[in-house]
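Structure first, commentary second.
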Amino acid sequence: MNETTFRWVQHGILVVLLLLYAGSFAAFFHPFLAARSRHTLRQRTAAVFCIYLAPYLTGLVADLPNWSSMAFITLAMSLLSAPLRLSRQTILLLSAVFFSARNLCALAMESLNFLWSQRLSEMNDAEQIFLRLTIHFLLLMLVQFALFLAVLFLAAGVLHRKELHLGVWETFCLLLIPVTGILVGSILFTMLIGVKDGVIFQLYEQHPLFIGLVPLVAGMFYAGTLVSIFSYQEMARLQEEKNTYFLEKQQIRAMQERMEEVEGFYTGIRRMKHEMRGHLANIRGLAQSGSYGEIEQYIGRMDESMKVFDLTVKTGNPITDVILSDRQRQAVKLGISFQVDFRYPQSERYDPYDIGIILNNLLQNALEGCEKLPEDARYIRLLGKQQKKFFLIEVKNPFEGELEIDRDSRLPHSTKGGMFHGIGLSNVRREVEKYMGEIEIKTRNNEFCVTVLLQERSVPK
């Protein structure tokens, strides 16, 4: 084999490896590319594949530095974050992990490359040298790619193959080790080959200790990357458990408040029962004295005092009657105009307890939102109606200020100290998912509107 053939074979191997690395890059991002259809998912995966290929294909012709290709790919992925349905933080982290794995694996293989090259220096026949060089290059690239796939698979396992919820600070901390590894790897690559007095030499020749030290450094950097990601995953898991605990605690508190309200209601009934004997004695005395006109007035006052126990809202279901009547009384105390047009669905495929949770959380948020406004601007409008196999719930209330929507949860950020606003809507969404429904949040002309659409369950409750 001559030098020209060797160069052509070498370029062919590089092109095949480039396609393999591009496929690995797309496969690494594939689990994070959320899509409702397989066709859309394939399109996004193909886009990632092409983005990776573009700079490296150019580099085969123009001999671009490796860092410029990595920068181009990362920048292009970040600019296309919206169509890819990926956060820029996730793109930065995944790209850094991928390129760190590739560079560190290549760095680790330099020691093996040096040891194999020593054997070639003992040969004199040119054709044999180029043949051995071809085999040597092919085996080296295959071993390097196999090692790369192993460490990339390990990284994918640590990342749990799910969307990462990263803030700026978390992204910075997680990027620190892999980016440092890429920089250190690039520096070591430049140090491995040097020129002294017009003679090219390798670092390994002068310092044989580096034959084992360089792969060790590469492995330590990659292990540090995996440890940092694993630590973040554990922190995220603990935070999720904390949020779940907080959610349950809020639900328990809401139930306790409801129990206190019910207890107060029945305490009033017991007190009225106790007082009824006195009322009857008074009426009997008025009747015996012939004061019939005063009896009528007395009974009228009794009737007024007993209206507090009436359910002011009639929906067709006792549970929603109690909830809406209670929320209406709260609204009246706060000077809030409370307009209700709610009809409980006739279908048995809706659980009144689930609908009660939705109403309780939505109206609680609306009441808390109205408290921040002047009394003349306070109102709550509730709509509930059945449309064929769907049930629509809509709550509107005024608000002031800016509404921040979380990119991942698609729910508003809380502006209150206790996070109840976000937790309440999380409760609503959890109930909505039981019915394969949807929740939509809109703001227009300083009005906050939450629309919930539920589908009938396949099996009645």
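No value in this document is a laboratory result; all are computed from the given coordinates. These figures come from a predicted structure and were not determined experimentally. All Cβ positions, glycine included, derive from the backbone under ideal geometry; neighbour counts span all protein chains shown.
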For this session: Enter the Cα centre distance for the pair the range 76-112 and the range 347-361, rounded to the nearest angstrom.
Result: 46 Å
Exercise. If we count other beta carbons within 10 Å of each Cβ, what is the order of 135, 295, fewest first?
Worked result: 135, 295
Exercise. Residue 16 versus residue 46, label points 7 Å from Cα toward the beta carbon: distance in nm?
Worked result: 2.5 nm
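Take the cross-link list 242/314; 242/388; 396/434 and give me the ones stretching past 30 Å between alpha-carbons. Provide the component values of the computation, followed by the final result.
Details: 242/314 39 Å; 242/388 40 Å; 396/434 23 Å.
Over 30 Å apart, Cα to Cα: 242/314; 242/388.
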Problem set entry | Full-stretch length increase - residue 38, residue 223 - with 0.36 nm per residue and alpha-carbon distance subtracted | 63.2 nm
